[in-house]
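The values are calculated or read from the model by the stated rules, or taken from the named source; none is laboratory data. Please read these numbers as outputs of a predicted model, since none were measured by experiment. Note that we place each Cβ from the backbone using ideal geometry, even for glycine, and neighbour counts take in every protein chain shown.
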Amino acid sequence: MIPTIEFQQRASRGPVTAVDDFDLDLAFKVRELVAEYEIKYDAEQLVVDDRTADAIFEAAVKHLAEVGVYFQSTSRVIKYDEQEIRQLARESQQNPACVNLGKGTERMQLRYRRGSDTWAPTNYAGPAGVAGQDWFIPYVQSFAQEPSVRGFGIVPGLARLGNLDPKAGQLSEVTVALWEQEALREALKRAGRLDMNLGLLCTASTPSGTMAVMASGYRDSFNTQIGIHIMPEQKLSWNPLLLSQYCELTGVEPWQSAMSCIGGLCRDAADVAVVMLANAIAQLSYAKGGSMSYFPSHLDGTWATRASHWAFSGAGRAAERHLGLAIGTSISGIDKAWRTPLSLWQSAGVVVTSVASGLSYAWIAGHTGLEARLIGQMMNGCAGMAPGPANELAQKIMRKVDELLPRQEKQLPFCEAYDVNTVKPRPEYEKAMLQTRDELAALGMPFVE
Amino acid sequence: MPVTPNEIFDAVWKLQKKKAFDLVQQGLAEGVDPVAMLKEGVIAGLQEVGRRFGVGEYFLAELVMSGKVAEPCIDLINPYLPPNTEGAQGRVVIGAVTGDLHTIGYGLVTTQLELNGFEVHKLGIDLPSMYFIDKAKEHKADIIGLSAFLVTTIPYCKEMVGYLEDMGLRDKYKVIIGGTECTADKADAMDVDGWALNAVASVPLCKHLCGKPVDVAELARARTHDHTWWYNSRRIKGVAA
């Protein structure tokens, strides 16, 4: 284990490097490593095999050891020794993750899961994204009232409170975040689930904003995770380190989350799987958390593609075999498809590939409570599905996604999907989603209550 | 045989930094036309890199690298250019606003603009509004580019517009914004001058804001099926379709 304070030294004494030079090192090193370890993205096999998962792990260790992490605040590179990275991985693997959140009857866990395990990942919901003041509470309540939703990974943020814009690092960040906490409490109260975990603080993200909101009494270690992640591609600064230190001191579970972009510095899913895993190990080195979300997206923000499925599976299975972490991801479609049948189809693709790749928890962005329920049923059904059948089903789903994608134009606002007074899906919305469920079931997707 | 612009073109798009630099140096010693070396060699080479990026043969790393290949060549050629040589398409200062640490998006915009002949000054991340204005003055910029990815950082774009208005500088600089949560609607509401869906679309936007012609193909890139708003028609004159 590397003491947190050690990063003070590394961030202050690592080699001074121009960011462009670091980016080039990162990009060309990963190309060299995927060639050396013969890691190849295969669109026909979306659940990665053991050999490839091990190769991704080896390449990620070498990548982190040779490239390091760029520290934006000092323009220096934080360096790691290969042996300490391996030691870190061994320690993590020997202590498989089991993160307890929520309280009383709402107690839930994020725990290490293998792709072959027959128990289903935790439905960690998350009405993520931006919400309006007038529909914030029903939006959150639509998830909280679903019994299969065990907690929230991410809650929405307000774009504006009256005429107040939430500005990071200013008074408005805290004011808006406190309004959100009161609204969240009201949503949980209406759902009769006050002790649920609420995950990230959302609008409060700076160290000062986070600490102010934590001090307000709305949040505690049982119902909070705090974001401490490294930015893509391997960029770190003081804020995540300060927040990690805060998590360590207060017992709050850090929200570790690794992201990499396909088609940017990383060419394809193979590059992304390696860099995302290297990012994950680096976060583990200072935050020491048990959960880790992966989010491989394309440079234009699209996601839930064959390439992103493969990248998740590669990094997920590598973590399953070498890190013992609870791995999560966002089960959602692209944002322009939110709350449309396409989004449920895309989500189904994420479910079948990620559950077979060791998914432990799913934060479900851009949907409503109704889809959270259906996604939970899909996760139940897919738990224990072998890689072969999982891949076969994923391929069928992706062919349907290919058909629907060009026709998709825009997302449906929450208020058009749900009646915000009754917090029930509007009949036509429910009908469309249940019809999609039936079509998925006809294709072979198992739905289990 | 004297150096030809075509050899420089090849060295630039093939990312051969030393070769490109040596060829330019040799060309200058041999009296090869510096304008041809710049336009048909270095700039055409950069455009070829951009083309290869567009068709998926090259990636972001190659774009970054091409800038590193071209920069010393341009520095070498610049003093030899006749005074009436057409300069950059426009000058841009660009960076991420206060609280925002995302680098990839504005890095891509920088590279695309450079490939298309803009002089771009990349300022960094987590920058106060006044810093952008100071740098815009220092570099005599035409455009201030703001990158904001988060709900809590987007309001800093509006703050920038407020500073420019209060300092009597609003019409001196064009302000463009971009980032995942930074939508065209928000850009319109903030009364900035332009917004681009992606890095490629930022090129026609900046050309238009600098009064340069924008062709039909570029217009299509600026206007996408669900994003027809790309410049602020209340502040900027329209372009011919």
Exercise for the section: Please verify whether segment B:201-211 includes one or more residues that are of a type in the set (D, E, K, R), surrounded by fewer than 14 Cβ atoms within 10 Å (Cβ to Cβ) and within 21 Å of the chain's Cα centre (by Cα). Expected result: no
Practice task
Would you confirm whether any residue within segment A:419-442 is modelled with pLDDT under 95 and closer than 18 Å to A:GLY129 by Cβ?
Solution key: no
Practice task
Being of a type outside the set (Lys, Arg), surrounded by fewer than 16 Cβ atoms within 10 Å (Cβ to Cβ) and at pLDDT 95 or above is the filter; apply it to segment A:393-411 and report the residue that is nearest to A:SER357 (Cα to Cα).
Solution key: A:ASP402
Completion exercise
In segment B:183-196, anything surrounded by fewer than 20 Cβ atoms within 10 Å (Cβ to Cβ) and in contact with a strand residue (DSSP E or B) (Cβ under 7 Å, 6 or more places away or on another chain) is listed as B:ALA184
Exercise for the section: Inspect segment A:125-143 for any residue being within 30 Å of A:ALA386 (Cβ to Cβ) and either touching a strand residue (DSSP E or B) at 6+ places or on another chain (Cβ under 9 Å) or modelled with pLDDT of 95 or more (or both) and give the result as yes or no. Expected result: yes
Practice task
Tell me, yes or no, whether segment A:67-81 has at least one residue that is assigned to a loop (DSSP other than H, G, I, E, B), at pLDDT below 95, surrounded by 14 or more Cβ atoms within 10 Å (Cβ to Cβ) and within 24 Å of the chain's Cα centre (by Cα).
Solution key: yes
Fill in the blank from the handout: Given (1) assigned to a loop (DSSP other than H, G, I, E, B); (2) touching a Gly at 6+ places or on another chain (Cβ under 6 Å), A:TRP303 misses just (2)
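Please report, ordered by residue number, the helices (runs of 4 or more DSSP H) entirely within segment A:330-449 with at least 1 residues that are more than 25 Å from A:GLY301 (Cβ to Cβ).
Details: elements: A:341-355, A:369-382, A:387-404, A:414-417, A:427-443.
Ranges flagged: A:369-382, A:387-404, A:427-443.
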Practice task
Could you grab me the full set of residues in segment B:84-123 that are within 12 Å of chain A (Cβ to nearest Cβ), of a type in the set (Phe, Trp, Tyr) and in a loop (DSSP other than H, G, I, E, B)?
Solution key: none
Practice task
Search segment A:228-247 for residues that are under 18 Å from A:ILE5 (Cβ atoms) and more than 9 Å from chain B (Cβ to nearest Cβ) and pair each with any residue that is β-branched (Val, Ile, Thr) and surrounded by fewer than 19 Cβ atoms within 10 Å (Cβ to Cβ) when their beta-carbon atoms are under 8 Å apart and the residues are at least 6 apart or on different chains.
Solution key: A:LEU241/A:THR4; A:SER244/A:THR4; A:GLN245/A:THR4
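Can B:VAL55 be described as more than 18 Å from the chain's Cα centre (by Cα) and more than 10 Å from chain A (Cβ to nearest Cβ)? If you could, list the steps in order and put the result at the bottom.
Details: more than 18 Å from the chain's Cα centre (by Cα): yes; more than 10 Å from chain A (Cβ to nearest Cβ): yes.
Yes, satisfied.
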Practice task
Consider only pairs whose beta carbons are under 6 Å apart and that are at least six residues apart or on different chains; among these, list those whose first residue lies in segment A:135-162 and is charged (D, E, K, R) and whose second residue is surrounded by fewer than 24 Cβ atoms within 10 Å (Cβ to Cβ) and in a strand (DSSP E or B).
Solution key: A:ARG150/A:MET108
Exercise for the section: Answer yes or no: is there a residue in segment A:195-204 that is closer than 28 Å to A:SER357 by Cα and more than 15 Å from the chain's Cα centre (by Cα). Expected result: yes
Fill in the blank from the handout: Per the filter on segment B:6-22, residues assigned to a helix (DSSP H, G or I) and either closer than 16 Å to B:LYS68 by Cβ or among the basic types (Lys, Arg) (or both) are B:ILE8, B:ALA11, B:VAL12, B:TRP13, B:LYS17, B:LYS18, B:LYS19, B:ALA20, B:PHE21, B:ASP22
Fill in the blank from the handout: From the option list B:ASN198, B:ASN232, single residue qualifying as within 14 Å of chain A (Cβ to nearest Cβ) and out of contact with any Cys (no Cβ under 8 Å at 6 or more places or on another chain) is B:ASN198
Problem - From A:SER172, A:SER148, residue being under 26 Å from A:LEU110 (Cα atoms) and touching a strand residue (DSSP E or B) at 6+ places or on another chain (Cβ under 6 Å) - result: A:SER148
Exercise for the section: Determine, yes or no, whether A:THR210 is closer than 20 Å to A:ILE154 by Cα and in contact with a Gly (Cβ under 7 Å, 6 or more places away or on another chain). Expected result: no
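Report, by residue number, each residue of segment A:134-154 that is touching a helix residue (DSSP H, G or I) at 6+ places or on another chain (Cβ under 6 Å) and either not in a helix (DSSP H, G or I) or not aromatic (Phe, Trp, Tyr) (or both).
We begin by selecting, within segment A:134-154, every residue touching a helix residue (DSSP H, G or I) at 6+ places or on another chain (Cβ under 6 Å); these are A:135-137, A:139-146, A:148-149.
Once the filter is applied, which keeps residues that are touching a helix residue (DSSP H, G or I) at 6+ places or on another chain (Cβ under 6 Å) and either not in a helix (DSSP H, G or I) or not aromatic (Phe, Trp, Tyr) (or both), segment A:134-154 yields A:TRP135, A:ILE137, A:VAL140, A:GLN141, A:SER142, A:ALA144, A:GLN145, A:GLU146, A:SER148, A:VAL149.
Quick one: how many residues across segment A:3-57 are among the acidic types (Asp, Glu) and in a helix (DSSP H, G or I)? Show your work before the answer.
Quick first cut of segment A:3-57, residues among the acidic types (Asp, Glu) only: A:6, A:20-21, A:23, A:25, A:32, A:36, A:38, A:42, A:44, A:49-50, A:54.
Checking the rest, the ones that are also in a helix (DSSP H, G or I) come to A:6, A:20-21, A:23, A:25, A:32, A:36, A:50, A:54.
The number of residues fulfilling the criteria is 9.
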Handout entry: Given (1) within 28 Å of A:VAL176 (Cβ to Cβ); (2) under 18 Å from the mean Cα position of the chain (by Cα), number of the condition B:ASN198 does not satisfy
Key = (1)
Exercise for the section: Provide a single number: the residues in segment A:199-230 that are in contact with a strand residue (DSSP E or B) (Cβ under 8 Å, 6 or more places away or on another chain), under 18 Å from A:SER73 (Cβ atoms) and either among the hydrophobic types (A, V, I, L, M, F, W, C) or in a loop (DSSP other than H, G, I, E, B) (or both). Expected result: 4
